[in-house]
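A short worksheet on the structure shown next.
The values are calculated or read from the model by the stated rules, or taken from the named source; none is laboratory data. Keep in mind that what you see is a predicted model, and the values were worked out from it rather than measured. Cβ coordinates were reconstructed from backbone atoms using ideal geometry, including for glycine residues, and neighbour counts include every protein chain displayed.
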């Protein structure tokens, strides 16, 4: 049996479609895996916005009578970190 032009075109079309489909599925799976891995990455870098999560009384005191602490000085300008990574408190003013 000989294949006609239509049959050959159908086989080629199906093969190309299958290859592109397989590549698309592989790309989607790789993207989903990367997204899952990226979602597991947690930043441990401390920011001034983290302090308010636990130090509510201190934030209230700063709002009431904080002076420069309200606008010009952030928590991390004096506090170098947070226990257990940094055990020292606030450095003494000179």
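Quick notes
- Among the residues of region 59-71, those identified as within 19 Å of residue 49 (Cβ to Cβ) and either modelled with pLDDT under 85 or in contact with a strand residue (DSSP E or B) (Cβ under 6 Å, 6 or more places away or on another chain) (or both) are 66, 68, 69, 70, 71.
- Index of the failed condition, residue 38 passing every other in (1) exposed (fewer than 10 other Cβ atoms within 10 Å of the Cβ); (2) at pLDDT below 85; (3) under 25 Å from the mean Cα position of the chain (by Cα); (4) not in a helix (DSSP H, G or I): (4)
- Any chance residue 16 is over 30 Å from residue 76 (Cβ atoms) and either modelled with pLDDT of 85 or more or touching a strand residue (DSSP E or B) at 6+ places or on another chain (Cβ under 7 Å) (or both): yes
- For residue 50, the requirement of being surrounded by 11 or more Cβ atoms within 10 Å (Cβ to Cβ), assigned to a helix (DSSP H, G or I) and either modelled with pLDDT of 80 or more or touching a helix residue (DSSP H, G or I) at 6+ places or on another chain (Cβ under 7 Å) (or both) is met.
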